[in-house]
């Protein structure tokens, strides 16, 4: 077992081949070919430092948190709360108590829909989302609307896959109670103008939730600079474990919101006459949490900081530019999502073959891409397509891997052309 | 490199999967014209990939006389619908549910006997799909739509 280096601010020079060495899963053959993993928007791979953190926790420190007076419990609690501090710094939140551990982005949004929604949203009120949302930022609001009689408004998108900001501005009105929009689109790659979205809403006194599932793996996020009221992301897309995620919420909102789930850890005292809820953030963390996941997420944040967002952004930008150029040159291939401000996602269709057929042929070449609607059926409807094939990059991908992708697409043409 | 953890998919195998019968039926699907007076119809839809099969047939003397299979989606889905439509023509309606069931078994890897092979004909070209578990649902859509068309047929012909 290697001991991960402590996080420090000394940035090492970026070398993609040395970085790839940190990810043991990348050293394998799939169907006899070197794995080319281009499905990072679905989930990212885990560096050895994260795997080691999980092994170490279960090997030496496993205990329940916040209740034991014994040594292991204190160690587990310390690491758990230490990770909360790392997330706070990572997002530049004002206070540890604004960081709630949840299962992922989906649960974070459901928490806000359930808790904020039932307290502040009534019949006739409006919630604004956009046409490019992931289903997890549509369905919780539809459920809330069904229960309360509120109405969902949808900001339309252009044919390049960008938000129609004028329409958004017009939609904000006296009935708007919340805006919930994704920061970066998983199926189109569009980076939305988050600061402007927040500013326009705040001018009208409307709070904003940003779905950051696809942004934190690629760019530094400063919630105070963005000004958003809530921010949600998932650990597993940030090179951390699955089933751990973050809801950031401004304290003034979280204090006013009722608990999301009842149980242990979220109470101060329980009697049948009156139960007193715990303070933030524990009010929203009922039951024994995913302790190992939290510690693993902390390790993932340390790892990402050690690589450095400048390096991540530079490598991904180069991959996006190179991949876009190469794929654009393929006969019959159309790139879906051509926003000016884009993260390293290339969704495409081919006139010769359906995305699922593309995916099967690419898989035989060891190339992992996602095919389907990517949980964004309204986006597919907008572009009048049933599905796309999607290559999504991380900083550990290389230009040589883009070349393998292109060669594999040639095989598709060989069969279907 | 660590040892390969997944069996190699030979290029020949993939080529075999797509090249011949399947690609032919994908590019030139049979029986796509709508029927003026169907005795049964159903629409199958897979929301995960947008695959769609619209199936209709007309019956005379207890046998399928005309078939219409209109499909949209991937090569395997469309070829499966087209191959099935060819197989249905002239068949006794009381055999159709068994066809659907036997096809599901084929996708679970249970090969056809000599006698069944005679009945299924070119449909056997789809047997290779069983090697690609994630694609089995693509091949199955036409056959589950056949079951639904039979529901429609029986509902219309209740005595």
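Of all residues in the range A:11-61, count the ones that are farther than 26 Å from residue A:393 by Cβ, free of Cβ contacts under 8 Å to residues at least 24 places away in the same chain and either surrounded by 14 or more Cβ atoms within 10 Å (Cβ to Cβ) or not assigned by TED's automatic domain parsing to the domain that holds residue A:295 (or both). Spell out how you get there, then give the answer.
Filtering the range A:11-61 down to residues farther than 26 Å from residue A:393 by Cβ leaves A:55-61.
Then keep just the ones that are free of Cβ contacts under 8 Å to residues at least 24 places away in the same chain; that gives A:59-61.
Narrowing the set further to residues that are either surrounded by 14 or more Cβ atoms within 10 Å (Cβ to Cβ) or not assigned by TED's automatic domain parsing to the domain that holds residue A:295 (or both) leaves A:61.
Going through the range A:11-61 one residue at a time, the tally reaches 1.
In the range A:32-40, is there at least one residue being away from chain B (no Cβ under 14 Å) and in a helix (DSSP H, G or I)? Before you say what the answer is, go through the steps one by one.
Within the range A:32-40, the first condition is being away from chain B (no Cβ under 14 Å), and the residues that meet it are A:38, A:40.
Retained after the next criterion (residues that are in a helix (DSSP H, G or I)): none.
No, the range A:32-40 contains no residue that is away from chain B (no Cβ under 14 Å) and in a helix (DSSP H, G or I).
Within the range A:121-230, considering only helices (runs of 4 or more DSSP H) that don't extend past its boundaries, which have at least 2 residues that are closer than 28 Å to residue A:314 by Cα?
Filter on the range A:121-230 gives A:194-203, A:223-226.
List pairs: first residue in the range B:147-159 and on the phi < 0 side of the Ramachandran plot, second residue assigned to a helix (DSSP H, G or I) anywhere in the structure, Cβ distance under 7 angstrom, at least six positions apart or on different chains.
Hits for this filter: B:147/B:97; B:147/B:100; B:150/B:96; B:150/B:97; B:153/B:93.
Suppose we filter A:374, A:317 for residues that are modelled with pLDDT under 95 and outside any strand (DSSP E or B); which single one remains? Spell out the reasoning first.
Values: A:317 fails: modelled with pLDDT under 95.
Just a single option satisfies the conditions, and that option is A:374.
Could you check the range A:339-359 and list, in sequence order, the residues that are buried (at least 24 other Cβ atoms within 10 Å of the Cβ) and assigned to a strand (DSSP E or B)?
Matches in the range A:339-359: A:345, A:346, A:347.
Scan the helices (runs of 4 or more DSSP H) fully inside the range B:1-104 and keep the ones with 2 or more residues being more than 28 Å from residue A:380 (Cα to Cα) and at pLDDT below 90.
Correct list: B:11-19.
Consider the range B:102-131. How many of its residues are within 14 Å of another protein chain (Cβ to nearest Cβ) and out of contact with any helix residue (DSSP H, G or I) (no Cβ under 6 Å at 6 or more places or on another chain)?
So the answer is 1.
Do the conditions hold for residue A:331, that is, is it in a loop (DSSP other than H, G, I, E, B), more than 14 Å from chain B (Cβ to nearest Cβ), farther than 27 Å from residue A:134 by Cβ and touching a helix residue (DSSP H, G or I) at 6+ places or on another chain (Cβ under 9 Å)? Explain how you work it out, then say what you get.
Working: in a loop (DSSP other than H, G, I, E, B): yes; more than 14 Å from chain B (Cβ to nearest Cβ): yes; farther than 27 Å from residue A:134 by Cβ: yes; touching a helix residue (DSSP H, G or I) at 6+ places or on another chain (Cβ under 9 Å): yes.
Yes.
Report yes if residue A:113 is within 30 Å of residue A:258 (Cβ to Cβ), away from every other protein chain (no Cβ under 14 Å), modelled with pLDDT of 95 or more and assigned to a loop (DSSP other than H, G, I, E, B), otherwise no. Even if it seems obvious, please write down each step before you answer.
On the way: within 30 Å of residue A:258 (Cβ to Cβ): yes; away from every other protein chain (no Cβ under 14 Å): yes; modelled with pLDDT of 95 or more: yes; assigned to a loop (DSSP other than H, G, I, E, B): no.
No, not satisfied.
Results for (1) without any contact (Cβ under 8 Å) to a residue 60 or more places away in the chain; (2) at positive phi; (3) outside the structural domain of residue A:85 (by TED's automatic domain parsing), shown as yes or no for each residue.
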{"site": "A:270", "(1), (2), (3)": "yes, no, no"}
{"site": "A:282", "(1), (2), (3)": "no, no, no"}
{"site": "A:287", "(1), (2), (3)": "yes, yes, no"}
{"site": "A:317", "(1), (2), (3)": "yes, no, yes"}
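Just to be sure I understand the filter: pairs with C-beta atoms under 7 Å, separated by 6 or more residues or on different chains, first member in the range A:138-152 and touching a residue at least 40 places away in the same chain (Cβ under 8 Å), second member surrounded by 14 or more Cβ atoms within 10 Å (Cβ to Cβ) and outside any helix (DSSP H, G or I). Which pairs pass?
Pairs found: A:138/A:129.
So which residues in the range B:105-149 are surrounded by 15 or more Cβ atoms within 10 Å (Cβ to Cβ) and outside any helix (DSSP H, G or I)?
B:112, B:132
Residues checked against (1) surrounded by fewer than 17 Cβ atoms within 10 Å (Cβ to Cβ); (2) within 19 Å of residue B:155 (Cα to Cα); (3) touching a helix residue (DSSP H, G or I) at 6+ places or on another chain (Cβ under 8 Å):
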site	(1), (2), (3)
B:40	no, yes, yes
B:79	no, no, yes
B:82	no, no, yes
B:97	yes, yes, yes
B:100	no, yes, yes
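Take the residues in the range A:360-370 that are surrounded by fewer than 24 Cβ atoms within 10 Å (Cβ to Cβ) and facing chain B (nearest Cβ under 8 Å); name whichever of them is nearest to residue A:334 (Cα to Cα).
A:363
Please work out if residue A:221 is surrounded by fewer than 22 Cβ atoms within 10 Å (Cβ to Cβ), free of Cβ contacts under 8 Å to residues at least 24 places away in the same chain and closer than 26 Å to residue A:242 by Cα. Spell out how you get there, then give the answer.
Values: surrounded by fewer than 22 Cβ atoms within 10 Å (Cβ to Cβ): yes; free of Cβ contacts under 8 Å to residues at least 24 places away in the same chain: no; closer than 26 Å to residue A:242 by Cα: yes.
Criteria not met by residue A:221.
Looking only at residues in the range A:375-387 that are within 11 Å of another protein chain (Cβ to nearest Cβ) and touching a strand residue (DSSP E or B) at 6+ places or on another chain (Cβ under 7 Å), which one is surrounded by the most Cβ atoms within 10 Å (Cβ to Cβ)?
This residue is A:387.
The values are calculated or read from the model by the stated rules, or taken from the named source; none is laboratory data. Bear in mind that the values here come from a model prediction, so they are computed numbers and not experimental data. In this analysis, Cβ positions are derived from the backbone assuming ideal geometry, glycine residues included, and neighbour counts consider all displayed protein chains.
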